[in-house]
Amino acid sequence: MATAIYTHPVCEQHDMGSGHAECPARIAAISSALESAGLIQQLDQRRAPMASQDVLGLAHPDSYVQAIYDVAPSEGLISLDGDTAMNVFTLEAARRAAGAAVAAVDAVMAGEVENAFCQTRPPGHHAESRQSMGFCLFGNVAIAAKHALEHHGLQRVAIVDFDVHHGNGTEDLVKDDARILFCSSFMHPHYPGYFGKNISGQRINTPLDGGTGGAEFRAVLEDHWLPALREQQPEMIFISAGFDAHRDDPLGGLALVEDDFYWATKQFMEIADEYAQGRVVSVLEGGYNLSALGSSAAAHVQALLGQ
């Protein structure tokens, strides 16, 4: 069965200013790597639709969603926080990033594709319930997970996040929902600098020391994440795919390589095959060395394709 990829040109028009690490070129870097690896033609290529305010409201209060709409500029650039800004295209890009994740859920649930990768920006896993931060406006993966539960009748889903930064936003957005297992690996101490205590069956935070490489990363997943996933038996697995855990990333500090992302993706797919009819939806988060981002995303997509 096919793997879908969702993207949209407006994701390259969202621009937070010259020199910003979360730059438009990230999308092109992934596209180029997929093309060079001969993978793009194997994918079911789809345009990311725009999420409505109601869909965004699955994870955020209506007042927060409306506030983002209200401050969206008609020209120039405005700052939401120390790391996150909006230009004239940002609101549409953010709505399409969330919309891609939701559309991917719908396509997977309909049996049109087995899994999907959302090649979109801005990312989402730092956006808390009422606060944009860390380049993120809306919690894309949390919104998609809530959509799977509320609109497709699933009982249990899991979110796995291997970004170099803790997915504090996702944690905040799903913390009161026992139907969602959230697993996050991240360098600590590092941005954002805080994370919640572990809750059996619901939250597994696995902080890693700076310089941690593939062997230690894989051991953490084998010892902590994979047993918890098998115990939960999720009906869909969501991946927050943060490739800034790569050893060459300028904002990172871990030492993973492409094969580590490939290996992790394969582990999640095996569990999805066992419990979730193969249903996996992956959403792009970090990754700021363009070469490493492209090659890591290509390895991730190759795994999704079953190769």
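Nothing in this text is a laboratory measurement; each read-out follows from the coordinates by a stated rule. In this text the structure is predicted, and so the values were computed from the model without any measurement. Because the Cβ atoms are built from the backbone with ideal geometry, glycine has one as well, and the counts that use them run over all protein chains shown.
Round to a whole angstrom and tell me the spacing of the C-alpha centers of region 192-240 and region 131-183.
Taking the Cα centre of each part, region 192-240 and region 131-183 sit 14 Å apart.
Restricting to Cα pairs below 8 Å that are 6+ residues apart, what does the relative contact order work out to for the chain? Please round to a whole percent.
Over the chain, the number comes to 20 percent.
How do Val283, Val102 rank when sorted from fewest to most other Cβ atoms within 10 Å of their own Cβ?
Going from sparsest to densest Cβ surroundings: Val102, Val283.
Could you derive backbone 3J(HN,Hα) for region 120-127 from the dihedral phi with the Karplus parameters 6.51, -1.76 and 1.60 (θ = phi - 60°), listing whole Hz in sequence and x where the residue is Gly or Pro?
Whole-Hz 3J(HN,Hα) from phi for region 120-127: 9, 8, x, x, x, 6, 9, 6.
In deg cm²/dmol and to the nearest 500, what is the mean residue ellipticity at 222 nm of the chain if only DSSP H runs of at least 4 residues count, each as -39500 (n - 2.57), divided by the residue total?
Values: 10 runs with 113 residues, N = 307.
Calculated at 222 nm, the ellipticity per residue is -11000 deg cm²/dmol.
Give the lysines reachable from Lys197 as a straight Cα distance under 16 Å; neighbours fewer than 8 places away on the same chain don't count.
Lys175
Shape call for region 85-213 from the C-alpha gyration tensor, a ≥ b ≥ c root eigenvalues: rounded (a/c under 1.5), prolate (a/b greater than b/c) or oblate?
Note, shape of region 85-213 comes out oblate.
So what are the radius of gyration and Dmax for the Cα set of region 6-56, in Å?
Values for region 6-56 (Cα only, Rg and Dmax): 13.5, 39 Å.
Can you work out ³J(HN,Hα) from phi for every residue in region 254-267, in order, using Karplus 6.51 cos²θ - 1.76 cosθ + 1.60 and θ = phi - 60°, giving whole Hz and x for Gly and Pro?
8, 10, 7, 10, 3, 5, 5, 5, 4, 4, 4, 4, 4, 5
Determine ³J(HN,Hα), in whole Hz, for all residues of region 289-297 in sequence, where each value follows from phi through the Karplus function 6.51 cos²θ - 1.76 cosθ + 1.60 and θ = phi - 60°; x replaces Gly and Pro.
Once rounded to whole Hz, the list reads 8, 4, 5, 5, 4, x, 5, 5, 5.
Tell me the label-point distance for the pair Asp248, Lys197, using the 7 Å Cα-to-Cβ offset, in nm and rounded to one decimal.
4.2 nm
Please list, in chain and number order, the residues 5+ apart from Asp177 or on another chain whose amide H is under 5 Å from its amide H, with Hs placed from the backbone.
Result for Asp177 returns nothing.
If you project the alpha carbons of region 3-304 onto their three principal axes, what span does each projection cover, largest first, in Å?
Cα spread of region 3-304 along its principal axes, largest to smallest: 49, 41, 40 Å.
Arranged by the count of other C-beta atoms within 10 angstrom, fewest first, what order do Glu285, Glu150, Glu128 take? Working shown, then result.
Working: Glu285 30, Glu150 11, Glu128 20.
Neighbour counts put them in this order, fewest first: Glu150, Glu128, Glu285.
Among Asp54, Asp163, what is the fewest-to-most ranking by other Cβ atoms within 10 Å?
Taking fewest neighbouring Cβ atoms as first place, the list is Asp54, Asp163.
If you keep only loop residues by DSSP, which trypsin sites (Lys or Arg not before Pro) in region 240-307 have at most 14 other Cβ atoms within 10 Å of their Cβ?
none
Between Leu290 and Gln41, what is the label-to-label distance in nm when each label sits 7 Å out along the Cα-to-Cβ direction?
2.5 nm
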